[in-house]
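Quick notes on the structure that follows.
The values are calculated or read from the model by the stated rules, or taken from the named source; none is laboratory data. Here the structure is a predicted model, which means the values were calculated and not measured. Quick reminder, even Gly has a Cβ in these numbers, built from the backbone with ideal geometry, and neighbours come from all protein chains shown. Note: areas computed on protein heavy atoms with side chains; ligands, DNA, RNA excluded. Shrake-Rupley method; radii C 1.70, N 1.55, O 1.52, S 1.80 Å.
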Amino acid sequence: MEPKFTAELIGPCGMNCGLCKAYLAYSRGVPAQKGKVSHCSGCRARNKNCAFVKRDCPRKVGKSLYSCSECPDVPCERLVKLDEHYQIRYGVSFVENLKMIKEKGMDAFLKSQTERYCCPSCGDVVSVHDGKCYKCSYQGPKPKSLDPKYRWVPNRK
Ligand code: SF4
Ligand code: SF4
Ligand SMILES: [Zn+2]
């Protein structure tokens with residue numbers, strides 16, 4: 001199976017932006033709609049990190065460091081917190097992603113992500129955020145993130 005993602009799509013924190021609903025809508029030509037569909041070209045492409053890590057990172061990840069993997073403090077408290085929330089809401093662990101990239105290499109990681117999130121209907125990608133394929137409109141099981149009980153507002157200092 002050809003990888004659907006590139007290394008450029010993997011954010012400094014380990015998030016695969018290629019699974020993000022804002023990236024999928026943007027890259028699959030689904031028009032943006034106020035309050036409903038937003039567009040994003042990815043963390044590295046925009047040189048920004050939505051995941052609340054880089055902004056307050058003392059190591060300047062994404063600038064001075066390519067990713068959290070290179071950090072002597074990994075996983076820091078901030079990354080652990082983000083990781084826990086993403087695990088609960090989306091079944092994704094950034095720390096595990098970073099670990100796999102380090103141990104097995106980027107190509108193996110991208111391949112396993114492609115297999116794991118493959119749309120059963122058209123073979124494209126199912127978003128972790130809403131269980132949807134933005135190419136063919138397949139709707140898989142919705143993640144817990146859509147249940148208000150699991151809503152997460154990150155602590156901002
Ligand atoms: S919104 Fe965040 S997770 Fe989604 S593509 Fe943009 S930077 Fe990546
Ligand atoms: S693990 Fe290191 S590089 Fe990553 S957010 Fe924490 S302090 Fe920054
Ligand atoms: Zn599909």
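Report, to the nearest 10°, how far helix 77-90 tilts away from the longest principal axis of the Cα atoms in the chain, using its own Cα long axis and a range of 0 to 90°.
Orientation of helix 77-90: about 20 degrees from the principal axis.
Given +1 on the Cβ of Lys and Arg, -1 on the Cβ of Asp and Glu, and no further charges, what dipole in debye does the chain carry about its Cα centre, rounded to the nearest 20?
700 debye
Divide by every residue of the chain the summed helix terms, -39500 (n - 2.57) for each DSSP H run of at least 4, and state the resulting mean residue ellipticity at 222 nm, rounded to the nearest 500 deg cm²/dmol.
Helix contribution divided over all residues of the chain: -8500 deg cm²/dmol.
Per residue, how much accessible area does the chain show when a 1.4 Å probe rolls over the protein heavy atoms, in square angstrom?
That works out to 59 Å² for each residue.
Using the beta-carbon distance between GLU8 and LYS144 and R0 = 22 Å, what value does 1/(1 + (r/R0)^6) give for FRET efficiency, to the nearest 0.05?
0.15
What distance in nm separates the simple spin-label points at SER64 and ASN47, each placed 7 Å from Cα in the Cβ direction?
Roughly 1.8 nm, to one decimal.
May I ask you to derive the FRET efficiency for ARG116 and LYS34 from their Cβ-Cβ distance with R0 = 35 Å, giving the value to the nearest 0.05?
Plugging the Cβ-Cβ distance into 1/(1 + (r/R0)^6) gives 0.65.
What angle, in degrees between 0 and 90 and rounded to the nearest 10, separates the Cα long axis of helix 94-104 from the longest principal axis of the Cα atoms of the chain?
On a 0 to 90 degree scale, this one is about 80.
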